[in-house]
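This report concerns only the one structure given below.
FYI, it's all coordinate maths here, none of it is from the lab. Here the structure is a predicted model, which means the values were calculated and not measured. So basically every Cβ, Gly included, is an ideal-geometry build from the backbone, and we count neighbours across all protein chains shown.
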Amino acid sequence: MRPQFLFSLMAAMLLLAVDASAQTYAEGQVWQYKTRPNETGSLLKIDMIESDPRFGEIYHLSVIGLKVANPRAPGQLTTELPHVPVSRKTLESSLTSPSSSKAEFPDFREGYTTWKLAFDHGEAAIFTQDVAQIIAFVEQTLKRQKRPKGPVRQ
């Protein structure tokens, strides 16, 4: 019995030691992630996965359930980010568990198209910090923008 016990113990240890990079991610998956304290119900969706020779796999996410201060938004609050391009490492460090939520997510394609054009011209990249830090960065950037006074001219 002893050799069988040792074999079982070693097998269990190997399973526990499996690298997180072995996780398979797929387009359409919805995940819970390590959120900011005020956004505990926020979810993210993997909208697209593509491969790049410089950056490896790029995950294009949309995020809902946010409370991002934004002086230009109605009610001065943004609740979703339609397109966030991230590295695999960022994804892995941010995710906590899959979600079975059927929540509606914004269409990422417009943001992706704009990003892809800039990316292909060397004018955009991907995020490499965790998703909560990305959201904090977006919020800080938006806070620096002034709310327009009077009508907006075109």
Give me, ordered by chain and number, the residues 5 or more places off residue 80 or on other chains with an amide H under 5 Å from its own placed amide H. 66
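Quick one: pull the percentage of alpha-carbon pairs in the range 25-144 with a separation above 20 Å.
Working: 2815 of 7140 pairs.
It works out to 39 percent of all Cα pairs.
Could you give the semi-axes, largest first, of the ellipsoid that matches the range 99-140, computed as the square roots of 5 times the alpha carbon gyration tensor eigenvalues and rounded to whole Å?
Values: eigenvalues 100, 58, 17 Å².
Rounded to whole Å, the semi-axes are 22, 17, 9.
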Residue span residue 124 to residue 49: 0.36 nm per residue of separation minus Cα-Cα distance leaves a gain in nm of 25.3 nm
In nm, the gap between the two label points placed 7 Å beyond Cα toward Cβ at residue 77 and residue 109 is 3.0
